[in-house]
Amino acid sequence: MTFKRTAIFSLLLGLSPTLFAVDEPIQPIKPVQSINLGQVELGKKLYFDPRLSKSGFISCNSCHNLSMGGTDNLKTSIGHNWQQGPINAPTVLNSSLNLAQFWDGRAADLKAQAGGPIANPGEMAASHTLAIDVLASIPEYVMEFKQVFGTNKITIEEVTQAIAEFEKTLVTPNSRFDQWLLGEKAALTADELTGYKLFKESGCVSCHNGEAVGGNSFQKMGIVEAYSTKSSAEGLSGVTGKDADRFKFKVPTLRNVEMTYPYFHDGEAGTLTEAVDVMGRLQLGRQFSDQENSQIVAFLKTLTGDQPAFQMPILPPSTDKTPVPRPFD
């Protein structure tokens, strides 16, 4: 970030640009910029609507709960017919800052990601056709899609566009660490500052940097030591087909990380203390002392920002016409 851009941002927030920590590898989360409010409101309804699933019981919010840091706090999520998923649900908060979506990066953006779980047989398990038929049977949705997109026919492209636009609003600015970056030096304690210094000097910032403190690269899990896991997930190689990409996963954001337990793609680390220990040994070749670990954890907890605040949407009532049949396995 250039000083000029930093100065403008600081002035917009009412802070002196000279106070901004311009040389830090982590930048403050910016508030939501340009959004389509009509699409956001429609996307909010769709995000919380379980009728997009085959069973009529699972919504986007089931696995990416906005009251739980955008996750479900399970090792791996539970999907259609109580199936246990193969991978930990990443947070949806600040996901607009990711270079790609999913642990393996198979979706280029939020719109591409939004359609995946709807049709995945282990998640929401509805075909796109079934989901669209259900929405088209609800008059209020038909009317709202027409108002927002100007079309008489609902398509999956419009559904995923609306959900993605809503998810763009799910940023979490104003963490205590952001306040410190913006000049409020009393925002962090001595232990938290020491933890940040350790975080930088140990090399954590080589992967966890930028606004999201991660999410902008793929890295192998287990560089110095091999990572032992029961998960069948192979990471980026499933997308690229390259053996060199086996066990490379998208580096997760550390924003709001105290809320998004358990950790790693397989959910094997139940606490931040455990996650810091494993990352130190496997990725950095460093054994943190108990005090160092505690200080790094203290720093990580300062990355919790303002959580999304809005009224829960009132979902359109189902039509009194013959409902679309839901075939169960």
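Scan Thr172, Thr129 and give me the residue that is in contact with a Leu (Cβ under 9 Å, 6 or more places away or on another chain), farther than 16 Å from Tyr47 by Cα and polar (S, T, N, Q). Don't jump to the end; show me each part of the working.
Working: Thr129 fails: in contact with a Leu (Cβ under 9 Å, 6 or more places away or on another chain).
After applying the criteria, what remains is Thr172.
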Query raised in the report: Would you pick out the residues in the stretch 138-175 that are of a type in the set (Ser, Thr, Tyr) and in a helix (DSSP H, G or I)?
Result: Tyr141, Thr160
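Condition first: among the hydrophobic types (A, V, I, L, M, F, W, C) and either free of Cβ contacts under 8 Å to residues at least 24 places away in the same chain or farther than 12 Å from Trp103 by Cβ (or both). Now tell me which residues in the stretch 234-251 satisfy that.
First, the residues of the stretch 234-251 that are among the hydrophobic types (A, V, I, L, M, F, W, C): 236, 239, 244, 247, 249, 251.
Once the filter is applied, which keeps residues that are among the hydrophobic types (A, V, I, L, M, F, W, C) and either free of Cβ contacts under 8 Å to residues at least 24 places away in the same chain or farther than 12 Å from Trp103 by Cβ (or both), the stretch 234-251 yields only Ala244.
Looking at this structure, is Val205 under 25 Å from Val92 (Cα atoms) and either modelled with pLDDT under 95 or part of a helix (DSSP H, G or I) (or both)?
On the way: under 25 Å from Val92 (Cα atoms): yes; either modelled with pLDDT under 95 or part of a helix (DSSP H, G or I) (or both): yes.
In short, yes.
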Report task. Report yes if some residue within the stretch 41-62 is among the small types (Gly, Ala, Ser), at pLDDT below 95 and part of a helix (DSSP H, G or I); otherwise report no. Result -> no
Query raised in the report: Could you count how many residues in the stretch 287-309 are touching a Lys or Arg at 6+ places or on another chain (Cβ under 8 Å) and without any contact (Cβ under 8 Å) to a residue 40 or more places away in the chain?
Result: 1
Requested in this report: Would you check if Phe299 is surrounded by fewer than 22 Cβ atoms within 10 Å (Cβ to Cβ) and either at pLDDT 95 or above or on the phi > 0 side of the Ramachandran plot (or both)?
Outcome: no
Report task. Have a look at Glu192, Glu211, Glu225 and point out the one that is assigned to a loop (DSSP other than H, G, I, E, B) and over 21 Å from the mean Cα position of the chain (by Cα). Result -> Glu225
Requested in this report: Residue by residue through the stretch 269-280, note down the ones that are more than 16 Å from Ala298 (Cβ to Cβ) and over 21 Å from the mean Cα position of the chain (by Cα).
Outcome: Val278
Report task. Would you check which residues across the stretch 289-307 are hydroxyl-bearing (Ser, Thr, Tyr) and more than 16 Å from Thr253 (Cβ to Cβ) and list them? Result -> Ser289, Ser294
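Could you please find all residues in the stretch 88-107 being in contact (Cβ under 8 Å) with a residue 12 or more places away in the chain and in a strand (DSSP E or B)?
Within the stretch 88-107, the subset in contact (Cβ under 8 Å) with a residue 12 or more places away in the chain is 88-106.
Result: Gln101, single match.
Residues are listed down the side, and each one gets a yes or a no for (1) under 13 Å from Thr71 (Cα atoms); (2) in a helix (DSSP H, G or I):
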{"position": "Arg255", "(1), (2)": "yes, no"}
{"position": "Asp266", "(1), (2)": "no, no"}
{"position": "Thr273", "(1), (2)": "no, yes"}
{"position": "Val276", "(1), (2)": "no, yes"}
{"position": "Gly280", "(1), (2)": "no, yes"}
{"position": "Gln283", "(1), (2)": "no, yes"}
{"position": "Gln287", "(1), (2)": "no, no"}
{"position": "Glu292", "(1), (2)": "no, yes"}
{"position": "Val297", "(1), (2)": "no, yes"}
Query raised in the report: Do we have Asp178 as assigned by TED's automatic domain parsing to the domain that holds Ser67, more than 19 Å from Val40 (Cα to Cα), charged (D, E, K, R) and assigned to a helix (DSSP H, G or I) here?
Result: no
Report summary line: Residues of the stretch 108-161 being in contact (Cβ under 8 Å) with a residue 24 or more places away in the chain, β-branched (Val, Ile, Thr) and crowded, with 21+ Cβ neighbours inside 10 Å, in sequence order, are Ile118, Val134, Ile138, Val159, Thr160
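Return the residue satisfying two criteria in turn: it lies in the stretch 112-137 and is in a helix (DSSP H, G or I) and of a type in the set (S, T, N, Q), and of such residues it is farthest from the chain's Cα centre (by Cα). Explain how you work it out, then say what you get.
Let us first name the residues in the stretch 112-137 that are in a helix (DSSP H, G or I), namely 112-119, 128-136.
Still in the list and also of a type in the set (S, T, N, Q): 113, 129.
Details: Gln113: 11, Thr129: 26 Å.
Residue satisfying both the conditions and the ranking: Thr129.
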Query raised in the report: Are any residues in the stretch 152-180 over 13 Å from the mean Cα position of the chain (by Cα) and among the charged types (D, E, K, R), and if so, which ones?
Result: Lys153, Glu157, Glu158, Glu165, Arg176, Asp178
Query - Scan of the stretch 241-268 for residues that are surrounded by 15 or more Cβ atoms within 10 Å (Cβ to Cβ), more than 13 Å from Met221 (Cα to Cα) and either of a type in the set (A, V, I, L, M, F, W, C) or over 22 Å from the mean Cα position of the chain (by Cα) (or both), ordered by number - result: Leu254, Val257, Met259
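The values are calculated or read from the model by the stated rules, or taken from the named source; none is laboratory data. Predicted model, so just to flag it, every value in this text is computed and none were measured. Note that we place each Cβ from the backbone using ideal geometry, even for glycine, and neighbour counts take in every protein chain shown.
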